[in-house]
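The values are calculated or read from the model by the stated rules, or taken from the named source; none is laboratory data. Everything numeric here is computed off the predicted structure, so don't read it as measured data. Heads up, the Cβs are rebuilt from the backbone with ideal geometry, glycines too, and the neighbour counts pull from every protein chain shown.
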């Protein structure tokens, strides 16, 4: 059986901010998997746990995997997106600062591992009920697109490209990186979604010849950025479609009870949708992944970009 090498790094001992890195193997390629950069990604943490249990049952690994189950311990413990110590979002300060605040130092410590990885997978949970899907800069970088299409999930959504985000900064540095947004809701574990994501990760490792097992042929839809659907009325929202379904422009996705239908101004696939609840005017009730061709403001690259030189540590 393969036993992980554990590296515990104290970021801030007083507040319990200790990062636990679990490394399996020492060779290339090197895959880095992390979860819980905020306090709402319990399903991602469980998927990481299930992945580790599978790896521990193997007799060998060709390559190496580093797993960080909880990337932001204090925020995860409190169920918060922003750190209560410095009011920063971990997924907005990469590559971090060795001498900065607790969140910046956490990002810097994580970035040290990210910069040495060949592939990076970030697991997170959506804030609405959603389908499990991939978020990546697949339009800008061929190495990112190649990785995204080898993970057995049905939809790849264009990442917004916000600076400071791990998926943005790592892709700019020539690292193949994706985020997997797991099905489910914040603060709760969806065990079926966790198993689905674990199997997608293990299949990716088999495609890379890192672990034994039968490979599953992957097929996915490449989409543009997600667009928000807002309600113009308040009342009880009742969804009439489900995450994962294809939808046309002006098609009904739900109703404000006794006040009429809510339609989508976009064509695409429903990525997330609010459960039945009381909504107010302007609330986001769903997100639609639109076809790439519709987003004219972001022209497709005419040639493959050369991966930039990566930082050395």
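Brief remarks on what is shown
- Subset of segment 23-50 (residues that are surrounded by fewer than 24 Cβ atoms within 10 Å (Cβ to Cβ) and on the phi > 0 side of the Ramachandran plot): 25
- Candidate set: segment 2-16, residues that are modelled with pLDDT of 90 or more and touching a helix residue (DSSP H, G or I) at 6+ places or on another chain (Cβ under 6 Å); chosen: the one nearest to residue 211 (Cα to Cα): 9
- Residue count for segment 182-206 under the criterion of being out of contact with any helix residue (DSSP H, G or I) (no Cβ under 7 Å at 6 or more places or on another chain), under 24 Å from residue 110 (Cα atoms) and modelled with pLDDT under 95: the result is 1.
- Cross-chain or 6+ apart pairs with Cβ under 9 Å, segment 220-247 first and in the same structural domain as residue 147 (by TED's automatic domain parsing) and more than 17 Å from residue 158 (Cβ to Cβ), then surrounded by fewer than 19 Cβ atoms within 10 Å (Cβ to Cβ) and at pLDDT below 95: none
- When restricted to residues that are over 15 Å from the mean Cα position of the chain (by Cα) and within 16 Å of residue 125 (Cα to Cα), segment 168-200 contains 7.
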